[in-house]
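The values are calculated or read from the model by the stated rules, or taken from the named source; none is laboratory data. None of the values given here were measured: they were computed from a predicted structure. Note: ideal-geometry Cβ built from the backbone for every residue, glycine included; neighbour counts use all protein chains shown.
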Amino acid sequence: MLKGKTAIITGASRGIGEAIAYKLASLGVNIAVIYAGNTVSAENVCNKCIRDFGVNAKPYQCDVASFEAVKKTVSDIKTDFGTVHILVNNAGITRDSLAAMMKEEDFDAVLNTNLKGAFNMIRHCTGLFLRNREGCIINISSVAGLTGNAGQCNYAASKAGLIGLTKSIAKELAPRGIRCNAIAPGFIATDMTDSQTENPLLKMIPLGKMGEPQDVAEAVAYLASAKYVTGEVLRVDGGIAM
């Protein structure tokens with residue numbers, strides 16, 4: 001069902017994005033790896049996708065917070081791959097602090113990357129989806145966007161905003177055969193969560209453990225092929241937000 005299609009995955013040089021790239025590549029999807037700065041890691045992800053799964057894969061360095069940079073990158077991907085069928089907005093950063101002490105630039109940076117970056121990618125990919133008369137957008141939100149999290153007002157706001165963006169885009173584009181869904185991971189074992197191994201919230205996970213990046217990747221694979229699902233927020237959180 002997905003073989004031969006092309007996916008853009010932002011933040012795909014490590015962690016959840018890397019796992020998503022491998023999962024989709026294993027299903028025959030060609031991969032455009034968007035990364036911020038780690039060229040070596042991005043190239044390694046592409047090389048593994050090519051070597052292990054025989055798909056086409058190429059890295060693109062891009063600041064997703066920049067409207068013009070995203071426009072150029074999507075244009076380059078169209079030139080290299082012909083078109084795009086799947087967009088996974090996974091790029092995200094944290095700048096944690098209590099609101100009373102948070103720097104303005106830290107609030108802005110998180111919103112610009114996590115939320116505006118997703119809008120930028122959707123904005124510039126939509127034309128390709130419309131011409132194809134199909135498209136699948138998957139936004140990686142967070143349970144923090146559903147429940148809030150002390151010390152992460154910027155991050156939670158950006159992830160809650162992604163859910164609103166997801167539902168609005170789903171309503172706008174459904175008549176054109178384009179689907180938009182979100183995934184809300186909980187505590188997933190990545191570099192971003194290394195500092196949270198002693199977080200007392202971990203004891204509140206009903207399944208009793210952190211998730212793995214592959215758990216999120218499996219959810220992406222499902223939504224990429226679920227042709228009658230749109231506007232949904234799929235929690236991958238071990239039950240912590242139920």
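State whether the residues of segment 174-191 include one that is under 26 Å from Thr6 (Cβ atoms) and among the charged types (D, E, K, R).
Our first condition is that a residue be under 26 Å from Thr6 (Cβ atoms); within segment 174-191, this holds for 174-185, 188, 190.
Subset that is among the charged types (D, E, K, R): 176, 179.
Yes, there is a match, as at least one residue in segment 174-191 is under 26 Å from Thr6 (Cβ atoms) and among the charged types (D, E, K, R).
Given the structure, is Val143 crowded, with 19+ Cβ neighbours inside 10 Å and in contact (Cβ under 8 Å) with a residue 40 or more places away in the chain?
yes
Does segment 1-49 hold any residues that are under 15 Å from the mean Cα position of the chain (by Cα), assigned to a helix (DSSP H, G or I) and over 20 Å from Asn114 (Cβ atoms), and which are they?
The answer is Tyr22, Lys23, Leu24.
From the list Ala99, Ala91, Ala57, Ala65, which residue is surrounded by 14 or more Cβ atoms within 10 Å (Cβ to Cβ), more than 20 Å from Val40 (Cα to Cα) and of a type in the set (Gly, Ala, Ser)?
Ala65
Kindly indicate whether Ala150 is touching a Leu at 6+ places or on another chain (Cβ under 6 Å), closer than 30 Å to Glu105 by Cβ and in a loop (DSSP other than H, G, I, E, B).
It is false that Ala150 is touching a Leu at 6+ places or on another chain (Cβ under 6 Å), closer than 30 Å to Glu105 by Cβ and in a loop (DSSP other than H, G, I, E, B).
Yes/no matrix, rows are residues, columns are (1) in contact (Cβ under 8 Å) with a residue 40 or more places away in the chain; (2) more than 16 Å from the chain's Cα centre (by Cα); (3) closer than 21 Å to Thr126 by Cβ:
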site	(1), (2), (3)
Ala160	no, no, no
Ser168	no, yes, yes
Ile183	yes, no, yes
Gly186	yes, no, no
Ala219	no, no, no
Leu223	yes, no, yes
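This table checks each residue for (1) over 23 Å from Leu130 (Cα atoms); (2) surrounded by fewer than 16 Cβ atoms within 10 Å (Cβ to Cβ); (3) modelled with pLDDT of 95 or more.
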residue	(1), (2), (3)
Gln61	yes, yes, yes
Ile77	no, no, yes
Asp80	no, yes, yes
Glu104	yes, yes, yes
Asn114	yes, no, yes
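Give Thr83, Thr113, Thr94 a once-over and let me know the one that is hydroxyl-bearing (Ser, Thr, Tyr), within 22 Å of Pro213 (Cα to Cα) and assigned to a loop (DSSP other than H, G, I, E, B).
Thr94
Quick one: which residue in Gly28, Gly37, Gly17, Gly4 is over 14 Å from Ile77 (Cα atoms) and modelled with pLDDT under 95?
Working: Gly28 fails: modelled with pLDDT under 95; Gly17 fails: modelled with pLDDT under 95; Gly4 fails: modelled with pLDDT under 95.
It is Gly37.
Conditions tested, residue by residue: (1) under 20 Å from Ile137 (Cβ atoms); (2) among the hydroxyl-bearing types (Ser, Thr, Tyr).
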{"site": "Thr39", "(1), (2)": "no, yes"}
{"site": "Glu43", "(1), (2)": "no, no"}
{"site": "Asn47", "(1), (2)": "no, no"}
{"site": "Cys62", "(1), (2)": "yes, no"}
{"site": "Thr73", "(1), (2)": "yes, yes"}
{"site": "Ile77", "(1), (2)": "yes, no"}
{"site": "Thr83", "(1), (2)": "yes, yes"}
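Do you know which of the residues in segment 225-235 that are in contact (Cβ under 8 Å) with a residue 40 or more places away in the chain and farther than 21 Å from Ser26 by Cα is surrounded by the most Cβ atoms within 10 Å (Cβ to Cβ)?
Here the answer is Thr230.
With the structure loaded, tell me whether Gly82 is on the phi > 0 side of the Ramachandran plot and in contact (Cβ under 8 Å) with a residue 24 or more places away in the chain or whether it fails that test.
yes
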